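Reviewing the structure listed below.
The values are calculated or read from the model by the stated rules, or taken from the named source; none is laboratory data. This is a predicted model, so every value here is computed, not measured. So basically every Cβ, Gly included, is an ideal-geometry build from the backbone, and we count neighbours across all protein chains shown. Each accessible area value is taken on the protein alone, full model and side chains, heavy atoms only, with ligands, DNA and RNA left out. Shrake-Rupley method; radii C 1.70, N 1.55, O 1.52, S 1.80 Å.
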Amino acid sequence: QVQLVESGGGLVQPGGSLRLSCAASGFTFSRYVVSWHRQIPMKERELVAFISRTSGSTNYADSVKGRFTISRDNAKNTVYLQMNSLKPEDTAVYYCKAATGSETYWGQGTQVTVSS
């Protein structure tokens, strides 16, 4: 059974940090490009960060560059998103996605709320 399970979300004050995790099972994780996305109500889901199969390449949305870091551990079938200097506008449901050319899997999402 294919699963992507996010964790690590929660409520944090502006300027704070959170580390999201996404644990994969049921497929060969190392063969998949992985990314984090986020969505707020009434808006389209947006790409936050991307990491290649071997971590050799990463990319970030302009809004999070310099604050967020994506990483992966293929031995643990897990991808991470370290989020620093959080802002209220980072509030969203965060999803991880694993994709190849023919298959795409999504997690169920984890809520991140940045508020004082």
Worksheet entry | In the stretch 4-42, the residues that are more than 14 Å from T100 (Cβ to Cβ), free of Cβ contacts under 8 Å to residues at least 60 places away in the same chain, of a type outside the set (A, V, I, L, M, F, W, C) and open to solvent by 60 Å² or more (accessible area, probe 1.4 Å) | P41
Discussion item. Let me spell it out: the conditions are (1) at pLDDT 95 or above; (2) touching a Phe, Trp or Tyr at 6+ places or on another chain (Cβ under 7 Å), and T100 meets all of them except one. Which number is the exception?
Written reply: (1)
Worksheet item: For the stretch 1-31, what are the residues that are under 26 Å from N84 (Cβ atoms) and part of a loop (DSSP other than H, G, I, E, B)?
Response: G8, G9, Q13, P14, G15, G16, S17
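Report those strands (runs of 3 or more DSSP E) wholly inside the stretch 43-102 carrying at least 3 residues which are loosely packed, with under 14 Cβ neighbours inside 10 Å and among the charged types (D, E, K, R).
Working: elements: 46-51, 58-60, 68-73, 78-83, 92-99.
Correct list: empty, since no element meets the threshold.
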